[in-house]
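Worksheet: one structure, shown below.
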Amino acid sequence: MTLKTGHAPYLRRGESCSLINLDVLITLIPLCIFSCVYYGLRPMLIVLTGMLTAVACETLCCLMMKRRPTILDGSAAVIGGLIGALMPPAAPYWLPIIASAFAILVAKMPFGGSGRYLFNPAAAGIAVVTLCFTYTMFRYPDPGLVNQSLPLGDLSGVVTESSPAAQLSSGGQTLYSWNTLLFGDFPGPIGATAIAVLAACALYLFSRRAISPLITLSYLAVCALIAMAFPRVSGEWYNSVMLELCTGYLLFCGIYLLPDTVTAPRHWLARIVYGAAAGALVMALRHIGQFEEGACFAVLLVNAFSPLLDRFCWRLLNLRRLHRRRRT
């Protein structure tokens, strides 16, 4: 008898990891199309640049390690696509190349490749370019001021404007209406401004069981509670919640980066604690952090405690069951 072998993560379900990655890639398509409506073809080219870089780097690593190429599972394409979706529409093409190369060459392949990495590679790539190229990373063209498509080459003539997240971070007031936030007519990353489209993508991924709603919903609930308790804008509490959840890439992080099947916990209670802890860290970094958006750093921090949360929650519930049995 021969045993079938495969790469982690090992999930109790019929779908393979390649189908999960395919679902994620499918949801990135409408996000890119939405950005292209405002900025032309440049956002799509940035996302494709990140994907091609990630696939090329993983192929090179497999050849150097004399291993069978693992690009067919789609994980490298997903990592590059997520990195591209978090780039500003006016980003130079070398920015997603650096982020994707770091994600594969440093955060993924040295740990064993698909299913074995400890930290989310896409979050690691975004964190590196945020630290090294802060100005370029948060330099957004205003969709209301772009009278025509962004040029595919030189961007010297493009008018830029502070994003709502930057305005919140600096203590200034934002005047964006709910409709503007829902339909993405404000400066921000390529895949993180179309809030209505992001919500639809989340529902699709939930229905396909590609991501865990326990992580995403607990994460968003904690972010909303902190936004209510410590508002950074004047007015009604719901305005603070709406602005915090819709600006930056907070929502994108809760849908795509946190629920990663490799780095997220497996236990249901651990997933709730994991998402809640990430939400608290994201909001803390928004209030006291150096950057207008630090969700990638929060993801990396909670990734480090994911195995511990699994063990602790599993033992906690087992001790509780044992205590109930003894009482009966």
Cross-chain or 6+ apart pairs with Cβ under 7 Å, the stretch 299-321 first and within 14 Å of residue 277 (Cα to Cα) and in contact (Cβ under 8 Å) with a residue 60 or more places away in the chain, then open to solvent by less than 100 Å² (accessible area, probe 1.4 Å) and in a helix (DSSP H, G or I) | 299/123; 299/253; 299/257; 299/278; 300/123; 300/124; 300/127
Taking only the stretch 308-328 into account, find how many residues are over 16 Å from residue 265 (Cβ atoms) and open to solvent by less than 100 Å² (accessible area, probe 1.4 Å).
-> 1
List the pairs whose first member sits in the stretch 119-136 and is in contact (Cβ under 8 Å) with a residue 60 or more places away in the chain and under 16 Å from residue 257 (Cα atoms), whose second member is small (Gly, Ala, Ser) and assigned to a helix (DSSP H, G or I), and whose Cβ atoms are under 7 Å apart, counting only residues at least 6 apart or on separate chains?
-> 119/107; 122/103; 124/103; 124/107; 126/99
Filtering the stretch 1-48 down to residues that are β-branched (Val, Ile, Thr), at pLDDT below 95 and within 21 Å of residue 72 (Cα to Cα), which residue is most open to solvent (accessible area, probe 1.4 Å)?
-> 5
Among the residues of the stretch 276-286, is there at least one that is farther than 21 Å from residue 192 by Cα, out of contact with any His (no Cβ under 9 Å at 6 or more places or on another chain) and open to solvent by 100 Å² or more (accessible area, probe 1.4 Å)?
-> no
Scan (1) open to solvent by less than 50 Å² (accessible area, probe 1.4 Å); (2) among the basic types (Lys, Arg); (3) under 18 Å from the mean Cα position of the chain (by Cα) for the single condition residue 232 breaks and write down its number.
-> (3)
Sort out which residues of the stretch 34-61 are closer than 24 Å to residue 94 by Cβ and without any contact (Cβ under 8 Å) to a residue 12 or more places away in the chain, and write them in order of number.
-> 36, 56, 60
Unique residue being aliphatic (A, V, I, L, M) and part of a loop (DSSP other than H, G, I, E, B) when the list is 91, 99 | 91
Residue 77 passes all but one of (1) modelled with pLDDT of 95 or more; (2) open to solvent by less than 60 Å² (accessible area, probe 1.4 Å); (3) in a helix (DSSP H, G or I); (4) under 26 Å from residue 187 (Cβ atoms); which number fails?
-> (4)
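The values are calculated or read from the model by the stated rules, or taken from the named source; none is laboratory data. What you are looking at is a predicted structure, and each value in this text was computed from that prediction instead of being measured. Neighbour counts are summed over all protein chains in view; Cβ atoms, including those assigned to glycine, are modelled from backbone coordinates with ideal geometry. Calculation scope for accessible area: heavy atoms of the full protein, side chains included, ligands and nucleic acids excluded. Shrake-Rupley method; radii C 1.70, N 1.55, O 1.52, S 1.80 Å.
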